[in-house]
Structure formats: structure tokens, C-alpha cells
Amino acid sequence: MDEVVIVEEIACENGDGVIAKVTINRPDKLNSLNQDVIKSIKQMCKWAENNDSVRCVVLTGAKPNPPEEGKRAKPNSFVAGADITEFTGKNSEEIREIFRDNAIEAIWNLNKPTIAMIDGFALGGGCEVACSCDIRISSTRSIFGTPEINLGLMPGYGATQRLVHLVGYGHAMEMMMTGNNVSAEDAYRIGLVNHIFEPEDLEAKTMEYAQTIAMKSMSTMRVAKKTIRAALDNGITDGVEIEAIEFAKLFDTEDQEIGVQAFLDRSTPVWKHR
Ligand code: COA
């Protein structure tokens with residue numbers, strides 16, 4: 001059987017470390033998240049977290065397989081949501097157990113930079129996977145949405161909270177209340193995605209961003225990510241105080257010295273803590 005999550009290690013351009021390209025691989029079911037996928041994503045997160053050579057994680061969905069003879073091709077998909085077939089016959093206790101400590105939180109809690117590369121449907125849990133990444137880069141043909149309301153449900157992988165931060169209260173409410181599809185252009189307009197590119201350019205452009213990020217000091221990156229996250233949990237006064245503490249601490253690090261000296265020497269910094 002094919003792996004439901006494929007991890008490829010792509011060398012960083014400076015020859016130091018890798019970008020982990022993680023492909024959710026159930027194209028015949030539009031890469032929907034069944035328990036096997038969830039388990040594999042969680043394993044991947046543990047692996048990436050504990051692997052010093054991983055500088056950035058790019059999450060994406062597998063492209064459709066060629067159609068069987070006489071059948072129509074399946075559509076392009078990032079992730080078309082949780083696997084709805086696994087929702088039947090479950091009560092709240094079973095669902096709470098399944099959704100507790102889930103893969104989307106594992107992605108969210110990764111201390112490495114994460115990018116969602118989206119080409120196709122990013123619906124429900126798919127939109128939530130995208131929202132749990134640090135940056136979202138999409139093709140112009142992608143379609144976003146939180147259609148759970150049509151199943152008598154609402155998002156259960158954090159989108160009621162993360163979408164509000166990304167697109168604001170009004171757009172989040174509209175998406176969740178209508179369940180309507182959101183085009184890539186509209187997703188870009190409301191801040192749901194950082195960039196949109198033509199499908200044929202998506203991978204190269206996304207990898208450019210990943211390479212740029214992968215070349216920074218990873219120890220500084222961890223502090224920066226944690227400090228920006230603090231803005232979601234704190235008011236501005238406390239948040240600025242956290243920044244002041246973390247910023248000052250960076251002045252005790254080797255990579256700060258290396259970065260500043262490289263600027264003064266007009267050279268490229270070679271980070272100690274990659
Ligand atoms: N869970 C389980 N299976 C799913 C799925 C999901 N979320 N989304 C798609 N699939 C499966 C379909 O059942 C179908 O399987 P089959 O070919 O074995 O019958 C296959 O993926 C292709 O999907 P299909 O619906 O035939 O494609 P389409 O082009 O007609 O429609 C969508 C595409 C995305 C509009 C449609 O699949 C859809 O609405 N999916 C559910 C989206 C959703 O509500 N997500 C939130 C879940 S919480």
C-alpha cells in the first residue's frame with residue numbers, strides 16, 4: 001500500500017540542512033484526513049522537531065492519479081477535509097478522544113518554520129491544516145472553505161480560533177456561517193493566504209520562500225516564531241514586554257554576533273546554530 005504521508009528531504013541551497021517536503025497522499029479521496037494520515041503527520045512532526053538538519057517543513061497534497069479508463073479525473077486537492085466516512089456512529093466521547101492531541105496541533109506546535117503549499121481544494125480540515133502552518137502559498141485554482149456547517153458541524157481542528165486571527169472576525173464568521181467556497185483570489189484578498197501563483201509556478205515559488213527561510217539561524221528563528229505567537233495569546237502591553245525580554249536575550253547568542261559581524265564585514269553569515 002502507498003504511504004499516506006510522503007516525506008522528501010530537499011537539500012538547502014547552501015548545502016547545509018534540508019527542507020522537508022511532506023505530501024499527504026490519498027489523492028483518490030482528495031487527500032482527506034483519515035486516522036492513518038493523522039497518525040503519520042504526528043510522527044512526521046516528531047521526526048522534524050528532533051532532526052536538526054530540517055530547516056523548514058513544506059506541507060502539500062498529492063496530485064490526482066491519472067483517471068481510470070472511462071472515469072473522470074479527480075480534482076486537484078490540498079486536503080478536502082477530515083475523512084467524513086470516519087464520522088459515522090461516533091459519540092462525543094469517542095470524537096473528543098480522536099480530536100485530542102491531533103495532527104493539526106502537532107503542526108501548529110512544531111518549532112520549525114512551516115509552509116502550506118496549496119493546489120486545489122482546502123476545505124474543512126484542509127483549511128485547518130493550512131491555518132496551522134506559519135505561511136500559506138496557493139495556486140490561483142485553489143478553493144478554500146469551512147463547509148462543516150453543511151454537515152451539522154463546525155471546525156474542530158482549531159479554525160474557529162486560528163481563522164479569526166488570520167482573516168478577522170467578520171470574514172471568519174461569514175466562512176463558517178455560509179460554508180461557502182472562497183476562491184484563491186478572495187483568500188488572498190482577506191489574508192487567508194500570503195501569495196497566489198499560477199499552478200505551474202507554485203512549487204518553484206514556494207521552494208524559493210522555503211530556501212530563503214531555511215538559510216537563517218534556526219535558533220533565532222525559533223525565538224522569533226515563539227515571540228510572534230505570543231501576540232495571539234497576549235495583549236499588546238504584555239506582548240511587547242515579552243518581545244523586549246526575548247530580543248535582549250538574543251544578544252547573548254553566538255548567532256547574533258555572527259550576523260552583525262557578517263553585515264559589518266560585508267560577508268554572508270555562517271550560523272553556528274543552524
Ligand atoms: N472525506 C472522505 N472522502 C472524501 C472527502 C472527505 N472529506 N472529500 C472527498 N472525498 C472522496 C469522495 O467521496 C470521492 O470518493 P469516491 O471517488 O471513492 O466516491 C472522492 O473523494 C472524490 O470526491 P468527489 O466528491 O467525487 O469529487 P468532486 O469533484 O465531485 O467534488 C468536493 C469535490 C471537494 C466538492 C467534494 O468531494 C466535497 O464536497 N468533499 C467534502 C468537503 C467537506 O465537506 N469537507 C469538510 C469535512 S469536515
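Only one entry in Thr206, Thr212 is closer than 28 Å to Thr23 by Cβ and crowded, with 16+ Cβ neighbours inside 10 Å, namely Thr206.
A count restricted to segment 47-90 and to residues that are polar (S, T, N, Q), farther than 24 Å from Pro27 by Cα and open to solvent by 80 Å² or more (accessible area, probe 1.4 Å) stands at 1. Selection of first residues in segment 224-249 that are under 16 Å from Asn111 (Cα atoms) and of second residues that are of a type in the set (Val, Ile, Thr), restricted to Cβ pairs under 6 Å at least 6 apart or on distinct chains, gives the following pairs, ordered by first then second residue: Ala230/Ile242; Glu246/Val223; Glu246/Thr227.
Taking Glu246 as the residue in question, decide whether it is over 21 Å from Ile118 (Cβ atoms), out of contact with any Cys (no Cβ under 7 Å at 6 or more places or on another chain), open to solvent by less than 30 Å² (accessible area, probe 1.4 Å) and not assigned by TED's automatic domain parsing to the domain that holds Cys12. Yes, satisfied.
Cβ-Cβ distances below 6 Å connect the following pairs, each with a first residue in segment 15-35 that is of a type in the set (D, E, K, R), a second residue that is open to solvent by 20 Å² or more (accessible area, probe 1.4 Å) and at pLDDT below 95, and a separation of six or more residues or different chains: Asp16/Arg274.
This table checks each residue for (1) open to solvent by 80 Å² or more (accessible area, probe 1.4 Å); (2) more than 15 Å from the ligand (Cβ to nearest atom); (3) more than 15 Å from Ala80 (Cα to Cα).
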position: Gly145; (1), (2), (3): no, no, no
position: Gly152; (1), (2), (3): no, no, yes
position: Thr160; (1), (2), (3): no, no, yes
position: Val167; (1), (2), (3): no, yes, yes
position: Ala172; (1), (2), (3): no, yes, yes
position: Met175; (1), (2), (3): no, no, yes
position: Asn181; (1), (2), (3): yes, no, no
position: Ala187; (1), (2), (3): no, yes, yes
position: Ile190; (1), (2), (3): no, yes, yes
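When we screen Glu8, Glu86, Glu105, Glu94 for residues that are of a type in the set (Asp, Glu) and over 26 Å from Phe144 (Cβ atoms), the only hit is Glu94.
Residue-by-condition table, conditions (1) in contact (Cβ under 8 Å) with a residue 40 or more places away in the chain; (2) aliphatic (A, V, I, L, M); (3) farther than 30 Å from Ala214 by Cα:
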residue: Cys133; (1), (2), (3): yes, no, no
residue: Ile149; (1), (2), (3): no, yes, yes
residue: Gly158; (1), (2), (3): yes, no, no
residue: Gly168; (1), (2), (3): no, no, no
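Quick check on my filter: what residues within segment 5-46 are open to solvent by 20 Å² or more (accessible area, probe 1.4 Å), touching a strand residue (DSSP E or B) at 6+ places or on another chain (Cβ under 7 Å) and over 23 Å from Met207 (Cβ atoms)? Listed by number, the list holds a single entry, Leu30. Scanning segment 129-143 for residues that are among the hydroxyl-bearing types (Ser, Thr, Tyr) and within 14 Å of the ligand (Cβ to nearest atom) yields a count of 1. Quick check on segment 88-106. Is at least one of its residues touching a Cys at 6+ places or on another chain (Cβ under 6 Å) and either under 23 Å from Ser53 (Cα atoms) or modelled with pLDDT of 95 or more (or both)? Scanning segment 88-106, I find at least one residue that is touching a Cys at 6+ places or on another chain (Cβ under 6 Å) and either under 23 Å from Ser53 (Cα atoms) or modelled with pLDDT of 95 or more (or both), so the answer is yes.
Here is a list: Lys71, Lys63, Lys29. Which entry is within 22 Å of Ile143 (Cβ to Cβ), in the same structural domain as Gly125 (by TED's automatic domain parsing) and touching a Pro at 6+ places or on another chain (Cβ under 7 Å)? On inspection, the qualifying residue turns out to be Lys63. Scanning segment 42-85 for residues that are of a type in the set (Ser, Thr, Tyr) and within 9 Å of the ligand (Cβ to nearest atom) turns up Ser77, Thr85.
Of all residues in segment 136-152, those that are within 8 Å of the chain's Cα centre (by Cα) and among the small types (Gly, Ala, Ser) total 0.
I'm trying to understand the selection: among the residues of segment 118-135, which are open to solvent by less than 10 Å² (accessible area, probe 1.4 Å) and either more than 25 Å from Ser219 (Cβ to Cβ) or over 12 Å from the mean Cα position of the chain (by Cα) (or both)? Across segment 118-135, the qualifying residues are Ile118, Gly120, Ala122, Gly124, Gly125, Gly126, Cys127, Glu128, Val129, Ala130, Cys131.
Pairing each residue of segment 176-204 that is at positive phi with any residue that is part of a loop (DSSP other than H, G, I, E, B) and among the small types (Gly, Ala, Ser), provided the two are 6+ apart or on different chains, yields C-beta distances under 9 Å for Gly191/Gly168.
The values are calculated or read from the model by the stated rules, or taken from the named source; none is laboratory data. Source: prediction; values computed, not measured. In this analysis, Cβ positions are derived from the backbone assuming ideal geometry, glycine residues included, and neighbour counts consider all displayed protein chains. Note: areas computed on protein heavy atoms with side chains; ligands, DNA, RNA excluded. Shrake-Rupley method; radii C 1.70, N 1.55, O 1.52, S 1.80 Å.
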